[in-house]
1. Simple spin-label model, 7 Å along Cα-to-Cβ: Q55 to K107 in nm?
2. How much of D40 can a 1.4 Å solvent probe reach, expressed as accessible area in Å² and rounded to 10?
3. Roughly speaking, what is the stretch gain from W152 to A89, that is 0.36 nm per residue apart minus the C-alpha to C-alpha distance, in nm to one decimal?
4. Under 14 Å from the Cβ of V32, count the other residues' Cβ atoms, weight Lys and Arg +1, Asp and Glu -1, and hand me the total.
5. Separation between the Q116 and L133 pseudo-spin-labels, each 7 Å from Cα along Cα→Cβ, expressed in nm?
6. Could you tell me how many degrees, from 0 to 90 and to the nearest 10, lie between the Cα long axis of helix 14-39 and the main elongation axis, the longest principal axis, of the Cα atoms of the chain?
7. For n ≥ 4 DSSP H runs only, could you compute -39500 (n - 2.57) per run for the chain, divide by its residues and tell me the 222 nm figure to the nearest 500?
8. Rounding to the nearest 20 debye, state how big the charge dipole of the chain is about its Cα centre with +1 on each Lys and Arg Cβ and -1 on each Asp and Glu Cβ.
Amino acid sequence: MTQPPHDEPTAADPEELRQQVEQTRAELGQTVEALAAKADVKTRTQEKAAEVKEQAAHKAAEVKEQAAVRATELKGQAAHKAGELKAKAAVLAHQAQDKVPDPVKDKAVQAGQLWQDKAPEPLRQRTAQGAQLARDNRTVLLVAAGVAVLAWVAFRGKE
């Protein structure tokens, strides 16, 4: 027979011994279950995958919220900047109109009225289409005009 460990007292009666045996069996069962859980790689892997998935979902929600906040901020800034540019354009247009002499304005109105009265309908339609095309491609036209001016200046400078 083996001797009991020195740190545990020995049982005084058989009933106490039975209780110690049951307690030892329960502890041993818990230890075996813990070792089995550690040895179950598939379950541990699934638990870790679920944990990582939950962390990723949390991080994705956090990033989505930050992106929505930033997009709202940028939208507000863009709207503010667009308002400022629109106001500046209105001021510049008004200044340009103020600088045009009244006789020139009157002549322009007369020329427009004469055009409406005398030009044939197909020509007016084609002109309206051309004006719309020019408005739609304003940037290209401005670049082309800039290139033409530069070419003219360069050619004139060689003479």
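1. 7.9
2. Accessible area, nearest 10 Å²: 60 Å².
3. Gain on extension, W152 to A89, equals 19.8 nm.
4. -1
5. Each label point is offset 7 Å from its Cα along the Cβ direction, giving 2.5 nm.
6. 30
7. Mean residue ellipticity at 222 nm (helix-derived): -31500 deg cm²/dmol.
8. So the magnitude is around 2440 debye.
The values are calculated or read from the model by the stated rules, or taken from the named source; none is laboratory data. Not measured: the values here are computed from a predicted model. Every residue, glycine as well, gets a Cβ built from its backbone with ideal geometry; the counts of neighbours run over all protein chains shown. Surface areas here come from the heavy atoms of the whole protein model, side chains and all, with no ligands, DNA or RNA. Shrake-Rupley method; radii C 1.70, N 1.55, O 1.52, S 1.80 Å.
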